[in-house]
1. Would you check if there is a residue in region 99-106 being surrounded by fewer than 21 Cβ atoms within 10 Å (Cβ to Cβ) and within 13 Å of the chain's Cα centre (by Cα)?
2. Could you list all residues from region 77-89 that are within 17 Å of residue 46 (Cα to Cα) and either in a loop (DSSP other than H, G, I, E, B) or more than 8 Å from the chain's Cα centre (by Cα) (or both)?
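FYI, it's all coordinate maths here, none of it is from the lab. What you are looking at is a predicted structure, and each value in this text was computed from that prediction instead of being measured. FYI the Cβ positions are ideal-geometry reconstructions off the backbone, even for glycines, and counts take in every protein chain you see.
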Amino acid sequence: MKLIALTTVSLALPLLLAGPGRAENPAHVQQLLETNLCYACDLSGADLSQAHLIGADLRMANLEGANLSESNLEGADLTGATLEGANLNSAFLTNAILENANLNEVDLSQADIFHAVVTGASFEGADLSQAQIVGTPISIGGD
């Protein structure tokens, strides 16, 4: 019995002591940066800060916890994408398509959101402080 417990602990210990790792698929990050096309890619936790992603195809992409601060997403298609917990501080989202996207707990502070499509998108707990929102039907408030 002690041998089983010792084996279990020795196998689990490296997992418990390991620091938080990056979850994104490096090949997907490279694909996005080279082609601007990344349908259903795993970019979770990726550092895409200050990236020029104008017109990028990010439909159904997993961007959970990604850093997109100061990135240019003008005209990007993020239909059905998961951005939960992502950092889009000071991002540029003019004409972006965020239809049915998950933007819960996203930092959109100081972002420029002009004429974006947000039909069916979820913004629960999103930080929109000091964001400039023009021609985009995002409502803030209670039920």
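1. yes
2. 78, 81, 83, 84, 85, 86, 88, 89, listed by residue number.
Results for (1) under 25 Å from residue 129 (Cα atoms); (2) small (Gly, Ala, Ser), shown as yes or no for each residue.
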| position | (1), (2) |
| --- | --- |
| 38 | no, no |
| 63 | yes, no |
| 72 | yes, no |
| 80 | yes, yes |
| 84 | yes, no |
| 97 | yes, no |
| 102 | yes, no |
| 106 | yes, no |
